[in-house]
Every structure is written in structure tokens, then in C-alpha cells.
Amino acid sequence: MWRALTDPVEFGAWFGVKVQGAFAPGARVRAQITHKGYEHVVCDIVIDRMEPERVFSWRWHPYAVEPGVDYSAEPMTLVVFELEDAAGGTRLTVVESGFDDVPLARRAQAYRMNGEGWTWQMGAIERHVTAAA
């Protein structure tokens, strides 16, 4: 599970992005979305923490998908993946915080779309690690 989260190639396979750069605390990477209809979106991600087999976190601009819009001046949200041992495997929890700082005009939609997106992504990583096992 840790490799699926922190290896840029594996991460890209289940998350639906092509990552440019390596994941390391403090690193800035770019990730081009590969999902149909969103290929124009390039996410700027700043890696926050990497505590092997336990915590992986990053900051990004939530639902920053409108062509031609510069989101760089907006505050970023924090995405935290936590891994813990559980009966029969590993429990993965993801929490994205910081939506209160997203501009009001975008806040509700960014929160809703990312909430729906995380539900889908948790299924995607489960399928990815199950297929790899």
C-alpha cells in the first residue's frame, strides 16, 4: 500500500495522473490528469510529510480544473493519507482539510467535487493494490 501511495508511477496508475518529479518532503511535483475530459488539468502538488508505512501528505489546489484560470495565488488544501494495521490487512484513511481558506466563490463546489473524487479514488487504490497482490 505504501508504494502505491508514494511511488509516482504507481500513484499515477491508480490516481489517474502522470507525475513529473519524485515524491519527497518539500518537493514540488506536477501531475497531469489522464482522466477523459480532464487531460488539460495539471495539478501542482507540494509534498508535505512522508513517514514510511504510516503517513503521506501533500498540499494542492482543490478542484482547480477550469482552463485558463490561475489558481496559484489561492491557499492549498492538505491531503493526508494514514495507514494503520487492521484485521486482515491495512486500513487507509484519507482526509483533506483547509477548505475554509478556499475562496468563497469556489469553496462549495471544490468541497463537493473532491469529496466525490476521494470516494472514487479509494475504490481505485483498493483495486490497484488488490490486483498487484
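Counting every other Cβ atom within 10 Å of each residue's Cβ, 5, 104, 78 order from fewest to most as 104, 78, 5. Other residues with beta-carbon under 15 Å from the beta-carbon of residue 83 carry, at +1 per Lys or Arg and -1 per Asp or Glu, a net charge of -4. Computed about the Cα centre, the dipole magnitude for segment 1-76 is approximately 140 debye when only Lys and Arg (+1) and Asp and Glu (-1) carry charge, each at its Cβ. In a reduced charge model with +1 at each Lys and Arg Cβ and -1 at each Asp and Glu Cβ, segment 2-132 shows a dipole moment near 240 debye about its Cα centre. Expressed as a rounded percentage, what relative contact order does segment 36-82 have, with Cα pairs under 8 Å and six or more residues apart? Dividing the mean separation by the residue count of segment 36-82 yields 36 percent.
The sum of -39500 (n - 2.57) across all DSSP H runs of n ≥ 4, divided by the residue count of the chain, sets its helix-only mean residue ellipticity at 222 nm to -10000 deg cm²/dmol. Where (i) 26; (ii) 54; (iii) 50 are the candidate values, the label of the one calculated here for percent of Cα pairs over 24 Å apart is (i).
Here's the picture: charge each Lys and Arg Cβ at +1 and each Asp and Glu Cβ at -1 in segment 2-132, and of 16, 37, 62 the one pushed furthest to the positive end of that dipole is 37. For residue 44 and residue 85, what is the calculated FRET efficiency with R₀ set at 35 Å and r taken between the beta-carbons, to the nearest 0.05? Between residue 44 and residue 85 the formula returns 0.60.
Percent relative contact order of segment 2-132, based on C-alpha pairs within less than 8 angstrom and at least six residues apart? Taking the mean separation of contacting Cα pairs over the length of segment 2-132, I get 17 percent.
The angle separating the long axis of helix 104-132 from the principal Cα axis of greatest extent in the chain is about 20 degrees.
At a Förster distance of 35 Å, what's the computed FRET efficiency of residue 93 paired with residue 69, Cβ-Cβ distance as r, to 0.05? Once the sixth-power term is evaluated, E becomes 0.70.
Taken together, the values in this text are just the output of simple stated rules run on the coordinates, not laboratory data. Predicted model, so just to flag it, every value in this text is computed and none were measured. Please note: Cβ atoms are built from the backbone with ideal geometry, for glycine as well, and neighbour counts cover all protein chains shown.
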